[in-house]
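The values are calculated or read from the model by the stated rules, or taken from the named source; none is laboratory data. This one's a predicted model, so the numbers in the text were calculated from it and none came from an experiment. A quick note on method: Cβ atoms are made from the backbone with ideal geometry, for glycine too, and the neighbour counts reach across all protein chains shown. The area values use the complete protein model at the heavy-atom level, side chains included, leaving out ligands, DNA and RNA. Shrake-Rupley method; radii C 1.70, N 1.55, O 1.52, S 1.80 Å.
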Amino acid sequence: MPERNQEFGKYGARGARGSELVGRKLDELAGGIATPVTVKRGLMARLHYLTRSDHARGAARDAGLTVTPRTLKAWLDGKRSPSAKNLEKIDTAYRTVRRQNVARHLLNRLNRQGRGTRVEIHPLNQSGVDRPQQRVVPFRDMNVRRWDAIVAAWTAGDAQGLDTAWTDHVLPDLGSQWGAYEYCTSVGFAA
């Protein structure tokens with residue numbers, strides 16, 4: 001079995017960790033508010049999402065949005081504007097709460113009652129690598145049936161857990177050359 005890449009990019013290859021690309025795709029599938037938090041419409045939409053119920057307010061507090069109810073009301077009424085630091089906290093809390101709210105539905109769609117979801121893995125970009133160091137890494141596709149650990153790590157915002165779930169539990173199903181797909185240009189799937 002191949003070992004993990006220790007010095008990725010040493011010879012000019014480009015790409016991103018497959019687990020990072022999977023996390024981005026899950027964020028895309030989770031959907032959400034497209035307007036940036038720096039625009040009033042995006043801010044108000046996020047604040048309404050985070051304050052619509054006791055559960056949402058508790059989850060926002062757990063995610064790091066710890067402001068007084070008075071400050072929150074002033075933001076919602078438009079009497080005050082959050083600082084840049086609080087805008088970042090609001091956006092982070094929104095993404096965290098959104099992930100928690102859609103995780104179970106997304107997991108059901110990805111697992112498809114044990115049938116799994118087809119995943120396309122596009123290999124790393126070797127255009128910057130000298131010819132003698134290049135290797136043949138073909139496009140691959142596979143069916144992933146076990147999404148539980150991947151979605152759990154993504155929901156928790158655990159990048160290391162997501163990487164472990166993707167690299168140790170999914171990629172070995174590609175066969176003996178699975179280490180060549182630790183870094184790639186894109187990972188695609190739909191749910």
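Assuming Arg118 fulfils every condition listed in (1) outside any strand (DSSP E or B); (2) open to solvent by 90 Å² or more (accessible area, probe 1.4 Å); (3) of a type in the set (Lys, Arg) apart from one, which condition is it?
Failed condition: (1).
Among the residues of region 151-179, how many are open to solvent by less than 10 Å² (accessible area, probe 1.4 Å), small (Gly, Ala, Ser) and closer than 22 Å to Ala13 by Cβ?
Number satisfying all stated conditions: 1.
Just checking, how many residues over region 131-150 are open to solvent by less than 60 Å² (accessible area, probe 1.4 Å) and either assigned to a helix (DSSP H, G or I) or modelled with pLDDT of 90 or more (or both)?
Of the residues in that region, 6 qualify.
Could you please give the count of residues in region 52-74 that are under 18 Å from Glu88 (Cβ atoms), open to solvent by less than 40 Å² (accessible area, probe 1.4 Å) and not aliphatic (A, V, I, L, M)?
Quick first cut of region 52-74, residues under 18 Å from Glu88 (Cβ atoms) only: 59-67, 71-72.
Those left that are additionally open to solvent by less than 40 Å² (accessible area, probe 1.4 Å): 59-60, 63-65, 71-72.
This time we only want the ones that are not aliphatic (A, V, I, L, M), so: 64, 71.
Selection size over region 52-74: 2.
Here is a list: Thr96, Thr92. Which entry is touching a residue at least 12 places away in the same chain (Cβ under 8 Å), open to solvent by 30 Å² or more (accessible area, probe 1.4 Å), of a type in the set (S, T, N, Q) and within 13 Å of Val37 (Cα to Cα)?
On the way: Thr96 fails: within 13 Å of Val37 (Cα to Cα).
Just a single option satisfies the conditions, and that option is Thr92.
Residues Pro36, Pro82: which one is more than 30 Å from Val144 (Cα to Cα), outside any helix (DSSP H, G or I), at pLDDT 90 or above and open to solvent by less than 50 Å² (accessible area, probe 1.4 Å)?
Only one candidate passes the filter, namely Pro82.
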